[in-house]
Number of protein chains: 2
Amino acid sequence: MKNAYVHGYDQRENIRLKDQAVTLVDLLHSDTAFPAGSCILEAGCGVGAQTVTLAKKSPDAEITSIDISETSLEKARQNVASEKIANVSFQQADIFDLPFAPHSFDHIFLCFVLEHLSNPAEALTILKSFIKPGGTITVIEGDHGSAYFYPNRKAAHSVIQCLIDLQKKGGGNSMIGRELYPLLVKSGYQSVNVSPRMVYADSSKPEMVEGFTKNTFTAMIEGIRESSLNAGLINEKTFNQGIKALYRTTEHDGVFCYTFFKATAVC
Amino acid sequence: MKNAYVHGYDQRENIRLKDQAVTLVDLLHSDTAFPAGSCILEAGCGVGAQTVTLAKKSPDAEITSIDISETSLEKARQNVASEKIANVSFQQADIFDLPFAPHSFDHIFLCFVLEHLSNPAEALTILKSFIKPGGTITVIEGDHGSAYFYPNRKAAHSVIQCLIDLQKKGGGNSMIGRELYPLLVKSGYQSVNVSPRMVYADSSKPEMVEGFTKNTFTAMIEGIRESSLNAGLINEKTFNQGIKALYRTTEHDGVFCYTFFKATAVC
């Protein structure tokens, strides 16, 4: 799993992940707030891109944020410290080997984690055993198969497909958003509710064009240039055309659509 | 244009279009209401599937609903009469040759019309000349390229592609939803605002699974079986597999996503 991880481990990615988090805060997180005194596990916090928002939205909850990577955790600690947040404690841990007692948490929160796992249903089942009865899980994932745009250029689809293929080769699934409902039901959760969160960016919404289409989505695809070429998934000319076609959707008459999925379920 | 029309002209389609209208009323129309005394043109009312909702949401507006097909208008008259609606008058007319004085209407409303036209920007430009200064246009279209689902079967994409291809062959564009912003800007409208309306159907939302995935979307694709086979777009086996794959998304663990686009703009 660690070797397969396709984003999150370099400085430019760190910046991109923070840009993404800022642009998408309202869309993804506005309806997540946990009660005072509740114990929350953030599983797979990475560089803490969502941790800051999570902690600010639930200032009186106690948040434990774990990640398998000590390098990421160090950045997460810095992110949280720079925001003067006091209700988060970090701990290095593996979702598949958690150092907690069963039913330790009132709620579990995962954002952009399942997409990297080869066994997301197993992860959800394990996490369930750490939630108190009646507690909840909140899961947020993207779905790269939900990206469409105007002008609708083939090369743009080809570069997106590179990311889908790379993530699949690494055991992940970048089209997992649409699967949250069956995954949670299969893992034994109750009252599963999935809410799609669509990003729509045209030039009347310049903050979304900049913050999402350019600095989040296209930046992410640009970040897989070398891996895609090295893996023989695409040739350089087509890759360049694809990136150009993605930027073309950010011009005055361009449109870009993408959907995230947010699920909540009861243990 | 008339010969190219791929749905709307037979009895089963009439029922399907009414099913679709009922399921989607809130999603598409809840925020459309015109002031008392205002004059509204519904351009391309078809069998009146949206006319009833339009008239009920704006009971004190005067609505003129036109369509090029007298057969469709006759059904629209019946639909409206059976609902005891009194603020709609029907008239046979061609969008490209309207029998009205310039600036006759306060607002114009079009729903599922531009997708059938080979020159949608021209239609929008013409319609603009019939709106009073400061009046608005409201446009609603689907986008068949926005359909994705779980399980993600190739054959399902193939049958959807048949409809996209058939509509394209007829001069239409079934992926026009994403283009509403550039089309309206290009046609000279101001303050263009596009709002995507995503349908998300999993088995926790049985009314959407029945009303949309089965009785609207899959029924529409089933309706193009003969035309697709006759046009040589697909073989019968793949078509059957595709329909089966679409129904598969309506099972207990299935998910279906589709997005409509609603635009408003000022003249």
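The values are calculated or read from the model by the stated rules, or taken from the named source; none is laboratory data. Not measured: the values here are computed from a predicted model. With ideal geometry, Cβ positions are generated from the backbone for all residues, glycine too; neighbour counts draw on all protein chains shown. With ligands, DNA and RNA removed, areas are computed over all heavy atoms of the protein, side chains included. Shrake-Rupley method; radii C 1.70, N 1.55, O 1.52, S 1.80 Å.
Of everything in the range A:89-103, what is buried (at least 18 other Cβ atoms within 10 Å of the Cβ) and within 19 Å of the chain's Cα centre (by Cα)? Give them in sequence order. Lay out the reasoning, then the answer.
So the first thing to find is which residues in the range A:89-103 are buried (at least 18 other Cβ atoms within 10 Å of the Cβ), and the list is A:90, A:93, A:95, A:98.
If the condition is that a residue be buried (at least 18 other Cβ atoms within 10 Å of the Cβ) and within 19 Å of the chain's Cα centre (by Cα), then A:Phe90, A:Ala93, A:Ile95 are the ones that fit.
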Please go through the range A:106-123 and pick out each residue that is over 10 Å from A:Gly44 (Cβ atoms) and open to solvent by less than 10 Å² (accessible area, probe 1.4 Å).
A:Ile108
Here is a check on your reading of the model: is A:Ala201 in contact with a strand residue (DSSP E or B) (Cβ under 9 Å, 6 or more places away or on another chain), more than 9 Å from chain B (Cβ to nearest Cβ) and small (Gly, Ala, Ser)?
yes
Only one of these is among the basic types (Lys, Arg), surrounded by fewer than 18 Cβ atoms within 10 Å (Cβ to Cβ) and at positive phi: B:Lys57, B:Lys84. Name it.
B:Lys84
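Sort out which residues of the range B:149-167 are open to solvent by 10 Å² or more (accessible area, probe 1.4 Å), closer than 22 Å to B:Ile224 by Cα and more than 19 Å from the chain's Cα centre (by Cα), and write them in order of number.
Kept after step one, since they are open to solvent by 10 Å² or more (accessible area, probe 1.4 Å), are these residues of the range B:149-167: B:150-155, B:157-158, B:161, B:164-166.
Right, trim to closer than 22 Å to B:Ile224 by Cα and you get B:152-155, B:157-158, B:161, B:164-166.
Those that are open to solvent by 10 Å² or more (accessible area, probe 1.4 Å), closer than 22 Å to B:Ile224 by Cα and more than 19 Å from the chain's Cα centre (by Cα): B:Asn152, B:Arg153, B:Lys154, B:Ala155, B:His157, B:Ser158.
With respect to A:Met208, is the statement that it is in a helix (DSSP H, G or I) and under 14 Å from A:Gln161 (Cα atoms) true? Please lay out each step first, then the result.
Details: in a helix (DSSP H, G or I): yes; under 14 Å from A:Gln161 (Cα atoms): no.
Spelling it out, it is not the case that A:Met208 is in a helix (DSSP H, G or I) and under 14 Å from A:Gln161 (Cα atoms).
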Here are the criteria: (1) in contact (Cβ under 8 Å) with a residue 40 or more places away in the chain; (2) away from every other protein chain (no Cβ under 14 Å); (3) part of a loop (DSSP other than H, G, I, E, B); (4) not acidic (Asp, Glu). Tell me which single one A:Phe217 does not satisfy.
(3)
Within the range B:139-160, does at least one residue satisfy the condition of being hydroxyl-bearing (Ser, Thr, Tyr), free of Cβ contacts under 8 Å to residues at least 40 places away in the same chain and in a strand (DSSP E or B)?
no
Identify the residue in the range B:161-175 that is within 14 Å of chain A (Cβ to nearest Cβ) and not in a helix (DSSP H, G or I) and, among all such residues, is nearest to B:Pro99 (Cα to Cα).
B:Asn173
For the range B:206-226, what are the residues that are under 30 Å from A:Met208 (Cα atoms) and open to solvent by 10 Å² or more (accessible area, probe 1.4 Å)?
B:Met208
Being surrounded by fewer than 19 Cβ atoms within 10 Å (Cβ to Cβ) and either more than 14 Å from every other protein chain (Cβ to nearest Cβ) or in contact with a strand residue (DSSP E or B) (Cβ under 6 Å, 6 or more places away or on another chain) (or both) narrows it down to one residue among A:Ile137, A:Ile131, A:Ile126; which is it?
A:Ile126
